[in-house]
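The values are calculated or read from the model by the stated rules, or taken from the named source; none is laboratory data. Quick caveat, the model's predicted, so the values are computed rather than measured. The protein model used for the area step is the full one, side chains on, heavy atoms only, and it has no ligands, DNA or RNA in it. Shrake-Rupley method; radii C 1.70, N 1.55, O 1.52, S 1.80 Å.
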Amino acid sequence: FELGEMLAERENYDEAIYVFEHSTGKWEKRKEAIEKCKYNRDGFIYGELKNILKDLSSQEQKQLIGYSRVFKIEISLRELIDTILKDKFKNTNWLEGDNTPDLKQIKINALKIKTEYEKHPYFRDDTQKKSLIDFMTFEELKKVIEVHWDKFKEIFGNEELCMGILKSVAIIRNDVAHARFLDDKQLQKIEQDFSELKRIFKKNMGIRAP
């Protein structure tokens, strides 16, 4: 229990919660400590989110939903590609071993963007540790899947269906990224695509599904 308290003081709330859950002593005391950690970890964020939502119109709130769907899809898609191609090339930095002509320009573009980010005074502290795949556009991620379809066929099944889903996500993603309001038809479509990709990822991969 003392270790949990020490971790909580250092704001390592997830670790503290784990320790409290598995330590000895009265459950009521441990439960109280766990709830306090969860509040300190999440309370401020949720409180701020509620304040933000109050200031948004219904259309702006819909935009947030669209953004959250696109964000989760793109994050999971990057992880999927990275997992599959690391295995194919037997290399954690698979792009170095991938000399496919169609991907040459994509590699050049990603390296250029990463280099520019590293020079900027406000780049993320972990930018240098990021893989080039983290600097690819959504269309470039789609192209990687097309080029290496032999490795993605078992996951997505029908290539035309897969590319159709990714194309609609790309179009909606561009509207979200450029602050163009989504209409109800687009919101319905991104929900459908989100659900389908979530099902595919959960069924086929041991990665974080959207």
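Averaged per residue, the chain has 66 square angstrom of accessible surface, using a 1.4 angstrom probe with ligands and nucleic acids left out.
Kindly give the semi-axes, whole Å and largest first, of the ellipsoid equivalent to the chain, taking each as the square root of 5 times a Cα gyration tensor eigenvalue.
Values: eigenvalues 256, 117, 76 Å².
The answer is 36, 24, 19 Å, longest axis first.
Measuring only protein heavy atoms, the 1.4 Å probe finds PHE156 accessible over about 20 Å².
Of the solvent-accessible surface of the chain, computed with a 1.4 Å probe over protein heavy atoms with every protein chain present, carbon and sulfur atoms account for 51 percent. Using all pairs of distinct alpha-carbon atoms, the Kirkwood hydrodynamic radius of segment 1-121 works out to 19.2 angstrom.
So what is the relative contact order of segment 84-151, in percent, for Cα pairs below 8 Å that sit 6 or more residues apart?
Details: 35 pairs, mean separation 23.1, N = 68.
Rounded, it is 34 percent for segment 84-151.
Over segment 87-189, the ratio between the Cα radius of gyration and 2.2 N^0.38 Å evaluates to 1.25. Here's the list of lysines a cross-link from LYS185 could span, going by alpha-carbon distance under 17 Å and ignoring same-chain residues fewer than 8 apart: LYS62, LYS167.
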